[in-house]
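Student: Handing you a structure now.
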C-alpha cells in the first residue's frame, strides 16, 4: 500500500530526530573521551611520569662519612678506612631467599650470616639496602660482579669502617661504634632514615655516643637506573651528604699511652688535669680492651672473657668508679674548719691512737698514736684522730658543703659514658635514703673519707686542681670541633681565703717532701718539678674489735677483693702548679706504697713531655726506674701522627 505524503514526512522527521540524538550522543562520548585523554596526558602528566620513573629509577641513601677524632697534637685516635661489602635490596631481588642461596655458592657465607640477613630483610623497608657481608676480599667482589645477572638486587660496594689506631689506649675515653640495634632506635623519638639502614654504625659508649649527632653527619642520596631484573645499570645523579664533624680531644696520646702502660698490671685508674685551663690530658683505666673488636660485632668468646674478668676491663673507672676517698679527703675536712674559723694552724690535738665519740672508739691507723699534732703535722703523717676531733666541732653539713665546692659529690660535664655523681652525704640524704637519723659517728667516718663518702678519680683530680689554684677548675675533654676551639674551663676564683689555701698547700708539700711525710719515698728531687700531694687508704671491710685485739690482718694476707684501696692525689710543680693528678689502685693496699709511686711517675712524664731525666728521681731508685722506663717504652704503641697541622 502506497504511503501518503503526510506519512512519509512524519517518518522522515522521526528518523532525523533519532539521527540527531545518536549524533549528539556520539559527540558527547567523543568529547568526554577527548577531555579524559587531555586530563591524563596533560593535567596528570607529571604524576604518571613520576610513576614511570619509579619503575626504573631507585633513590638510595648515601651514609655520611663519620667525623674523625684526634688528640691534642693531631694524632689520629678514630678514623675511617675503606672496606668492601656486599648488600642486597629486597624490592630489586624478587625472591631474596633464592638470591641468597645463589650468592652463598659464590661467596663463603655461613648459616648464621644468612639467617641474620634474612631477618634484617624482613624487618627493614624493602627499598633499604641490607648488608650481607662486610670487609670482604677483592676476589669476592669480582665474583659477585661477574655473576651479577644471576644475583638481582645484590650489589658490591665500597664503604667506610671505623678503626681505632691507638688500640686499647683510648677505649674508655672514645668508646666504640657498632651496628644500630632496635634498642638504640627505641631511645630516639624520630630516628633519621639513615639509622634504619641495617648494620649502620653509631656510637655505643664514650665520646662516640655522647657526641654522636656531631660525629654522624647527614646522609646524602643517589638516583640509580635499574633494569627489569632489578640490576643497577647506571647512576643518574648524586647529592652528597654532610660529613660528621672532626673532634680534637684535650688528651695527649703519648702521655695516655705511658699512663696506660704504667697501670697495665693493676686494676687502677689515673686522671691528669691541666690546672691552667681544665684540660684532661690523660684519663686512663686499667685493664683495658681493644675497641676494634666491637666495631663489627664482638664474638661471644671474647665478650665473655671481658665480662668475666674480676678487674672489670669494660668499666671506665676514672668516671664510673666510686671509692671512699680515704685520707685524700682530709683536706676537705680541714678546709671546712679553717673557713669556719674553728681552728688555727698552730692549734694541736693529742692523738693516743683513738678517740671515743658517743661511747664508740674510733681508731687511728697508727695504733700507738701520733701524740700532739697540728694541722700540717696531721696531714703530713695522716693522723686520723686530728680529723675526728675536727668533725665533732664542725658537723657534717659544713664538711659536705666544702666537699661540693671542691667538686666532690657533683656530676661534672664530661662527654663519657655513665659519669657518676659520687656522694657528699648530709643529714637529709640519710633520712631520705635510709629513713634514719644522722649520727655523730657518721660525721667522724666521713671526716677521713670513709663511711658514706664516695668519689671518682676524676672528682679527686678536680678537687686537687682547685686546691692548687683556688679556682673552680672544670674538666674539658673536647679541645675543638672542626677546628673551632671550645672555651677553656680554668674557672673563676672560688672565693676561698687564700691564707687557708696556702696552709693546705704547705701541708701537702710536707706530705711528699718532709722526711716524716707519708709519701716521702715517692718525692721528686728536681726542684723545678717538685710535687705536693696526699696519700689515702680506704677500707672495704670492717675491722672487728676481736681482730684489733689479735692483730689486724695485713692486706697482703687477705684475698684481693678484701684489701684496701690505695689512693694518691698531687699537683706539681709546687710553686706554680701545672698538673693535678689522681691515682686509685683498687685493692692495692696502702696509698704510699701502691698509688704514690705511679702518680709520681705520671707527673714527671707530664711535666717533662716524655721520659723524664733520671736525676729527677731519688738516687736509690734510679737504676730501677731506668729499667722500668725501658720496659714501659716497649709496651707503648708508637703514635701515628696525621698529615694535618698540629694544634
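Student: Would you check if residue 222 is touching a strand residue (DSSP E or B) at 6+ places or on another chain (Cβ under 8 Å), in the same structural domain as residue 87 (by TED's automatic domain parsing) and buried (at least 18 other Cβ atoms within 10 Å of the Cβ)? Show your work before the answer.
Tutor: Numbers: touching a strand residue (DSSP E or B) at 6+ places or on another chain (Cβ under 8 Å): yes; in the same structural domain as residue 87 (by TED's automatic domain parsing): yes; buried (at least 18 other Cβ atoms within 10 Å of the Cβ): no.
Spelling it out, it is not the case that residue 222 is touching a strand residue (DSSP E or B) at 6+ places or on another chain (Cβ under 8 Å), in the same structural domain as residue 87 (by TED's automatic domain parsing) and buried (at least 18 other Cβ atoms within 10 Å of the Cβ).
Student: Does residue 365 satisfy being assigned by TED's automatic domain parsing to the domain that holds residue 456, over 42 Å from the mean Cα position of the chain (by Cα) and either more than 30 Å from residue 205 (Cα to Cα) or part of a helix (DSSP H, G or I) (or both)? Talk me through it step by step, then tell me what you get.
Tutor: Numbers: assigned by TED's automatic domain parsing to the domain that holds residue 456: yes; over 42 Å from the mean Cα position of the chain (by Cα): no; either more than 30 Å from residue 205 (Cα to Cα) or part of a helix (DSSP H, G or I) (or both): yes.
In short, no.
Student: Only one of (1) in the same structural domain as residue 487 (by TED's automatic domain parsing); (2) over 24 Å from residue 322 (Cα atoms) is not met by residue 244, so which one is it?
Tutor: Every listed condition holds for residue 244 apart from (1).
Student: Please go through segment 201-218 and give me each residue that is assigned to a loop (DSSP other than H, G, I, E, B) and either surrounded by 20 or more Cβ atoms within 10 Å (Cβ to Cβ) or under 16 Å from the mean Cα position of the chain (by Cα) (or both), ordered by number.
Tutor: Filtering segment 201-218 down to residues assigned to a loop (DSSP other than H, G, I, E, B) leaves 211, 217.
Scanning segment 201-218 gives a single hit, 211.
Student: Give me a count of the residues in segment 368-388 that are in a strand (DSSP E or B), at positive phi and surrounded by 19 or more Cβ atoms within 10 Å (Cβ to Cβ).
Tutor: Step one: list which residues in segment 368-388 are in a strand (DSSP E or B), which gives 371-373.
From what's left, at positive phi: 371.
Add one more test, that the residue is surrounded by 19 or more Cβ atoms within 10 Å (Cβ to Cβ), and what stays is none.
Summing the residues that are in a strand (DSSP E or B), at positive phi and surrounded by 19 or more Cβ atoms within 10 Å (Cβ to Cβ) in segment 368-388 gives 0.
Student: Determine if segment 193-206 includes at least one residue that is more than 27 Å from residue 117 (Cβ to Cβ), at pLDDT 90 or above and touching a strand residue (DSSP E or B) at 6+ places or on another chain (Cβ under 8 Å).
Tutor: Yes, segment 193-206 contains a residue that is more than 27 Å from residue 117 (Cβ to Cβ), at pLDDT 90 or above and touching a strand residue (DSSP E or B) at 6+ places or on another chain (Cβ under 8 Å).
Student: Which condition does residue 7 not pass, out of (1) modelled with pLDDT of 70 or more; (2) outside any strand (DSSP E or B); (3) exposed (fewer than 15 other Cβ atoms within 10 Å of the Cβ), if it passes all the others?
Tutor: (1)
Student: Does residue 574 count as modelled with pLDDT of 95 or more and in a loop (DSSP other than H, G, I, E, B)? Don't jump to the end; show me each part of the working.
Tutor: On the way: modelled with pLDDT of 95 or more: yes; in a loop (DSSP other than H, G, I, E, B): yes.
Yes: the conditions hold for residue 574.
Student: Return the residues of segment 607-623 that are in a helix (DSSP H, G or I) and surrounded by fewer than 11 Cβ atoms within 10 Å (Cβ to Cβ); say none if nothing qualifies.
Tutor: 615, 619, 620
Student: OK, next. Restricting the search to segment 297-351, which residues are within 30 Å of residue 371 (Cα to Cα), part of a loop (DSSP other than H, G, I, E, B) and touching a helix residue (DSSP H, G or I) at 6+ places or on another chain (Cβ under 7 Å)? It would help to see each step written out before you state the result.
Tutor: Initial filter on segment 297-351 (within 30 Å of residue 371 (Cα to Cα)): 323-351.
If we keep only those that are part of a loop (DSSP other than H, G, I, E, B) as well, we get 324-325, 340-348.
Correct list: 325, 340, 342, 343, 345.
Student: From the list 424, 401, pick out the single residue that is buried (at least 24 other Cβ atoms within 10 Å of the Cβ), more than 20 Å from the chain's Cα centre (by Cα) and under 19 Å from residue 326 (Cα atoms). Full working, then the answer.
Tutor: Working: 401 fails: buried (at least 24 other Cβ atoms within 10 Å of the Cβ).
Result of the check over 424, 401: 424.
The values are calculated or read from the model by the stated rules, or taken from the named source; none is laboratory data. Just so it is clear, the structure is predicted and the values come from calculations on it, not from any experiment. Backbone-built Cβ (ideal geometry, glycine too); neighbour counts: all protein chains shown.
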